[in-house]
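**Q** What follows is a structure written as structure tokens; I'll ask about it next.
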Amino acid sequence: MQDLGINVVNLNGDLNKLAPLLRETDVFHWHGDGSLDPELFAIVKANKPRLVLMTNIFGLYNHSGYYELVDYDLYISKSILARRMLADRDLEDDFAAKRKVLSYPVDVKHINSLLPADYLLKTFKQQYNLQNSFIIGSGGSSVNANFDLITLDAFAEFAKRVNHAKFLLAGVTPEIIKHAKHLNIMDKLVIFDATLDLQQLLMYYSAMDIFLTASKISESFEIAIAEAMAVGIPVVAVNTPGRDNGPIELVDNGQTGFIVAHDQEKIADVLVFLYEDEKIREILSESSKRKVAKEYKADKVVKSLENLICSHLYSSIEINARSLVKNYTPEIINDYINRCSDLWEPEIKPHPVNL
């Protein structure tokens, strides 16, 4: 941030330093799970800036009076806003105006600049003996809660039908290894250490034929899905109704990927379906890239936030650009309910869409 010319002040936990900063601030942006730390927000209340924004990543709601300080409660996916509003039916009229959706940004331009050249990808595949393999991939995890073992179960079923299948995992836990040994698929796994190095991650994504994802605890917005879609890797995501279910919003079933029930046979079936039809994978790939560029592209997300701030602070400013900020409407709940039941079935055929 300092390199970008932005002044950064580290409070080192000393909230006493916050009050004078707030008195000179127009906008205070709180990024968290939706809860509001009372010690911190007591200071915000006493020194309230002109605008208080919250990026709400897990859809929690703070029942204290501090929530009144928040001008805009921005959820990172429609699915967690839908869940929150269903839980707060009696409060809908009070909170509908401040609760909105603005997704996490995906830096498509940066991703495209870091994609591996064909010769590097070929070398990578040769190095790990992947050049003649059909590769299912997942982000893996160094935390058991973020990885549902059903993906291994489904892959084991898939590998029985496609003997040159491999499963690429970036990050594993002892539980994952133990389950893979139980399934006798260790020779099918290609394991790498978990990494935050985007360029390395893009090499992994680019090597995949299909990105398969299921989270044991579910996800409010899975950035790995968005990155895989930006690269053009067809995504198969497992539905998690009743919990955060961000993947069903990222992936439009039958258009930019497939959403499948939490059933290892059905997951294996959809993998076989995609394996057998390269043209379908190409359609999903192109649709995925278009959707990410339209809905999650970083500069569009940032501009949308900028416009929201400016329109609040300066009501006389006319904003003409299309905003990615979505206001809450009952249709968000209806769309979420429909997506929870819109799952892959063998007769579903993807088709080109204008995204």
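The values are calculated or read from the model by the stated rules, or taken from the named source; none is laboratory data. Model, not experiment: these values are computed from the prediction. Counting neighbours? That spans all protein chains shown, and the Cβs are built from the backbone with ideal geometry, glycine included.
**Q** Which residue, of ASP153, ASP118, ASP148, is modelled with pLDDT of 95 or more, closer than 28 Å to PHE221 by Cα and acidic (Asp, Glu)?
**A** ASP153
**Q** A further question follows. Take the residues in the range 120-138 that are over 26 Å from ALA293 (Cβ atoms) and of a type in the set (Phe, Trp, Tyr); name whichever of them is surrounded by the most Cβ atoms within 10 Å (Cβ to Cβ).
**A** Ranking the qualifying residues of the range 120-138, first place goes to PHE134.
**Q** Just to verify a result, which residue in the range 84-99, among those that are buried (at least 21 other Cβ atoms within 10 Å of the Cβ) and in contact (Cβ under 8 Å) with a residue 60 or more places away in the chain, is nearest to LYS297 (Cα to Cα)?
**A** Selected residue: ARG99.
**Q** Output the number of residues of the range 166-185 satisfying the condition of being charged (D, E, K, R), in a helix (DSSP H, G or I) and crowded, with 18+ Cβ neighbours inside 10 Å.
**A** Qualifying residue count, the range 166-185: 0.
**Q** Further question: Look at the range 212-228 and say how many of its residues are assigned to a loop (DSSP other than H, G, I, E, B), of a type outside the set (D, E, K, R) and under 10 Å from the mean Cα position of the chain (by Cα).
**A** 2
**Q** For the condition at pLDDT 95 or above and over 15 Å from the mean Cα position of the chain (by Cα), what is the one hit in VAL231, VAL260?
**A** VAL260
**Q** Moving on. Being without any contact (Cβ under 8 Å) to a residue 12 or more places away in the chain and within 28 Å of the chain's Cα centre (by Cα) is the requirement here; does ASP71 meet it?
**A** no
**Q** I'd like to verify a number: residues in the range 310-325 that are assigned to a helix (DSSP H, G or I) and either crowded, with 18+ Cβ neighbours inside 10 Å or modelled with pLDDT under 90 (or both), how many?
**A** 0
**Q** Follow-up question, since we're still on this one. I'd like the residue in the range 60-83 that is hydroxyl-bearing (Ser, Thr, Tyr) and assigned to a loop (DSSP other than H, G, I, E, B) and, out of all such residues, is surrounded by the most Cβ atoms within 10 Å (Cβ to Cβ).
**A** SER77
**Q** Please enumerate the residues belonging to the range 24-57 that are of a type in the set (Lys, Arg) and at pLDDT below 95.
**A** LYS48
**Q** Could you tell me how many of the residues in the range 125-156 are without any contact (Cβ under 8 Å) to a residue 24 or more places away in the chain and not in a helix (DSSP H, G or I)?
**A** The total comes to 2.
**Q** I'd like the full set of residues that are surrounded by fewer than 17 Cβ atoms within 10 Å (Cβ to Cβ) and in a helix (DSSP H, G or I), limited to the range 100-119.
**A** LYS109, HIS110, ASN112, SER113, LEU114, ASP118, TYR119
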